[in-house]
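> Encoded as structure tokens, here's the structure I'll be asking about.
The values are calculated or read from the model by the stated rules, or taken from the named source; none is laboratory data. Because the structure is predicted, anything quoted here is derived from the model rather than measured. FYI the Cβ positions are ideal-geometry reconstructions off the backbone, even for glycines, and counts take in every protein chain you see. To get the accessible areas, we keep the full protein, side chains included, count just its heavy atoms, and leave off ligands, DNA and RNA. Shrake-Rupley method; radii C 1.70, N 1.55, O 1.52, S 1.80 Å.
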Amino acid sequence: MNSFIKNIENKLQIKSNYLLLLAIFNGAILMNFHKLIFLNPLALFVIIGFVLISIINIKYWWATIVNSIISIYFLIDKFPRIGNHSTIILFFSLFLLVVFTLKLSSKKPIFNTNFISYFFRTITVTIYFYSGFHKLNTDFFNSCVSCVNEVNVYALSNFINERFVLPEFWSRFFQYGTLFIELILPFGLLHFKTRKIAGFLLLCFHCYLSLSGFADFSCVGLFLILGCLVNFEEKTISKNNLKAVKLFLIFIIFAIIIRYYLPTFGIDNYKNTFIEGFIFDIGFVIFIYTFFKSYSAKEYTYTKKFNTYLIPIFVIINLWTLKGYFGLGNAGNLTMFSNLVTEKSTNNHLLFDTKKTKLFDFEEDYVEIIYLKNKNIREDFNGYKLPLVEFNFLVNYWNKTYTDKVPCKLIYKGKIFETNDIRTSEFNQTKWWYKYLSFRKIQSKGPNECRW
């Protein structure tokens, strides 16, 4: 077995900072599946086991490959109805498998180090930019409902141990601060003179977000930003960076296990994700402090042949994240916590008018739910509208998943429809491609509240 792996290593010839990135990605996979500790603890402990292998020796790159295969197994069937960070994990897991397979079957280099740096920066800058772009809407700037309120109040109220309402001034401050960080700051990663400060500030932003329940996303953010920063030509990892990344992975494991046992200590559930994020941040801060203490940015050379790969990647991300403005789904495509509305009559984006941009009217053909209840359905749909394609998909899913009836009363095309089990109605008729049209529920009135 050892000789088999050594033969593969000789073919792959993985340089030191690739190994560093693979270890961080392994940690990101683990953070992505942290909730499995409640749903499928055995699967999570298998993932933890392969992260421990990375801790034992960072050169054991295959531990990340195994966890990538596990992540594909859990995510591929649920895509695109997964979190944005999960989509990124899925993409890079597939990418790693393809690259490793091509590398094993070819004696020539697949990509050079210059390309890999531009590859990471193209993806990272585009993702951050559109995360901010979708927030350019009237309700994100409405201090009564802006998503900055929910995110910041959670973190700050846990610090002072008191819940409060964010004052309008601070809501405004966080609104414009968030837009600067997401829309403008990432472009600093493109030039080697501004790369260090841009990367550092973005990671500080993620450090804070971890305290608001987004440690999983922050770990993915670290992976992406680190891919923009590291020198892929370095032959060795410094001892300090090696110790720091191992310590970081240990704190990830510790954070997840502590989260599981918190309820047994009688701690308020409201604090659980904050405590998990705080423990995660200890390892996170140790790593980024150690990394930046000795970091200096390298200048890379761009060549036209990179366009063959980078332009399609850029176009695909654009189509994925802008599809909501064309009428092909507005959830799970970087629109999270943006207050965005794309339905024609209530569209709130400042730059896109969906009355003019929509090519498909799936969102405008909706049902208005008066009453819907089932103990297994956690989301409240009462009083909201749902695009018919989304409702059909959900009803079909409930029919396959739940045994209890789902009583419902709704309005569709001006007619009232009432049943003691919507699962047995004509609304459970769906098509395979409805799965890929993921829409949010639509408010019937008032400014659009914050929701994922």
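> All but one of (1) without any contact (Cβ under 8 Å) to a residue 60 or more places away in the chain; (2) buried (at least 16 other Cβ atoms within 10 Å of the Cβ) hold for Y118; state the number of the condition that does not hold.
If we test Y118 against (1) without any contact (Cβ under 8 Å) to a residue 60 or more places away in the chain; (2) buried (at least 16 other Cβ atoms within 10 Å of the Cβ), just (1) comes out false.
> How many residues, within region 294-321, are buried (at least 18 other Cβ atoms within 10 Å of the Cβ), within 30 Å of S146 (Cβ to Cβ) and among the aliphatic types (A, V, I, L, M)?
1
> Taking the conditions exactly as written (aliphatic (A, V, I, L, M), outside any helix (DSSP H, G or I) and open to solvent by less than 50 Å² (accessible area, probe 1.4 Å)), does I416 satisfy them or not?
Working: aliphatic (A, V, I, L, M): yes; outside any helix (DSSP H, G or I): yes; open to solvent by less than 50 Å² (accessible area, probe 1.4 Å): no.
So I416 does not fit the description; no.
> Give me the pairs: first residue in region 323-349 and closer than 19 Å to S143 by Cα, second residue among the aromatic types (F, W, Y), beta-carbon distance under 7 Å, and six or more apart or on different chains, which are they?
Note: pairs meeting the criteria are M336/W452; F337/W452; S338/F140; N339/F140.
> So, one more: Given the options K400, K405, name the one that is surrounded by fewer than 16 Cβ atoms within 10 Å (Cβ to Cβ), outside any strand (DSSP E or B) and touching an Asp or Glu at 6+ places or on another chain (Cβ under 7 Å).
Just a single option satisfies the conditions, and that option is K405.
> Let me ask you something else. When only residues in region 342-353 that are in a loop (DSSP other than H, G, I, E, B) and out of contact with any strand residue (DSSP E or B) (no Cβ under 7 Å at 6 or more places or on another chain) count, which is surrounded by the fewest Cβ atoms within 10 Å (Cβ to Cβ)? Give the steps one after another, and end with the answer.
Here is the first cut: in region 342-353, the residues in a loop (DSSP other than H, G, I, E, B) are 342-343, 347-348, 350-353.
Still in the list and also out of contact with any strand residue (DSSP E or B) (no Cβ under 7 Å at 6 or more places or on another chain): 342, 347, 351-353.
On the way: T342: 27, N347: 20, L351: 8, F352: 21, D353: 12.
Among those residues, the one meeting the criterion is L351.
> Still on this structure: May I ask you to verify whether N339 is in a loop (DSSP other than H, G, I, E, B), open to solvent by 20 Å² or more (accessible area, probe 1.4 Å) and of a type outside the set (F, W, Y)?
Spelling it out, it is not the case that N339 is in a loop (DSSP other than H, G, I, E, B), open to solvent by 20 Å² or more (accessible area, probe 1.4 Å) and of a type outside the set (F, W, Y).
Conditions tested, residue by residue: (1) of a type in the set (F, W, Y); (2) open to solvent by 10 Å² or more (accessible area, probe 1.4 Å); (3) within 14 Å of H206 (Cβ to Cβ); (4) at pLDDT 90 or above.
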| site | (1), (2), (3), (4) |
| --- | --- |
| F217 | yes, yes, yes, yes |
| L226 | no, no, yes, yes |
| K235 | no, yes, no, no |
| K239 | no, yes, no, yes |
| L242 | no, yes, no, yes |
| I275 | no, yes, no, yes |
| I279 | no, yes, no, yes |
| F287 | yes, no, yes, yes |
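> When region 88-138 is examined, which residues are found to be within 24 Å of L190 (Cα to Cα) and of a type in the set (S, T, N, Q)?
Hits for region 88-138 are N112, T113, N114, S117, T122, T124, T126, S131.
> If I ask for residues that are surrounded by fewer than 17 Cβ atoms within 10 Å (Cβ to Cβ) and farther than 21 Å from C450 by Cβ, which ones from region 369-396 would you list? Steps first, answer last, please.
If we filter region 369-396 for residues that are surrounded by fewer than 17 Cβ atoms within 10 Å (Cβ to Cβ), which is where we start, we get 370-371, 373-380, 382-383.
Result: I370, Y371, K373, N374, K375, N376.
> Step by step: first the residues of region 426-445, then only those that are surrounded by 13 or more Cβ atoms within 10 Å (Cβ to Cβ), within 20 Å of G383 (Cβ to Cβ) and not aliphatic (A, V, I, L, M), then the one that is farthest from the chain's Cα centre (by Cα). Which residue is that? Reasoning before the result, please.
Keep residues of region 426-445 that are surrounded by 13 or more Cβ atoms within 10 Å (Cβ to Cβ), which gives 427-428, 430, 434-443.
Subsequent filtering for residues that are within 20 Å of G383 (Cβ to Cβ) retains 427, 439-443.
When the remaining residues are screened for being not aliphatic (A, V, I, L, M), the result is 427, 439-441, 443.
Values: F427: 31, F439: 17, R440: 17, K441: 20, Q443: 24 Å.
The qualifying residue farthest from the chain's Cα centre (by Cα) is F427.
> Of a type in the set (S, T, N, Q), in a loop (DSSP other than H, G, I, E, B) and either open to solvent by 30 Å² or more (accessible area, probe 1.4 Å) or over 30 Å from N241 (Cβ atoms) (or both): is that true of N333 in this structure? Show your work before the answer.
Working: of a type in the set (S, T, N, Q): yes; in a loop (DSSP other than H, G, I, E, B): yes; either open to solvent by 30 Å² or more (accessible area, probe 1.4 Å) or over 30 Å from N241 (Cβ atoms) (or both): yes.
Yes: the conditions hold for N333.
> Which residues, taken from region 224-261, are in a helix (DSSP H, G or I) and either out of contact with any helix residue (DSSP H, G or I) (no Cβ under 9 Å at 6 or more places or on another chain) or charged (D, E, K, R) (or both)?
Looking only at region 224-261, we keep the residues that are in a helix (DSSP H, G or I), and these are 224-229, 239-261.
Selection gives K239, K243, K246, R259, Y261.
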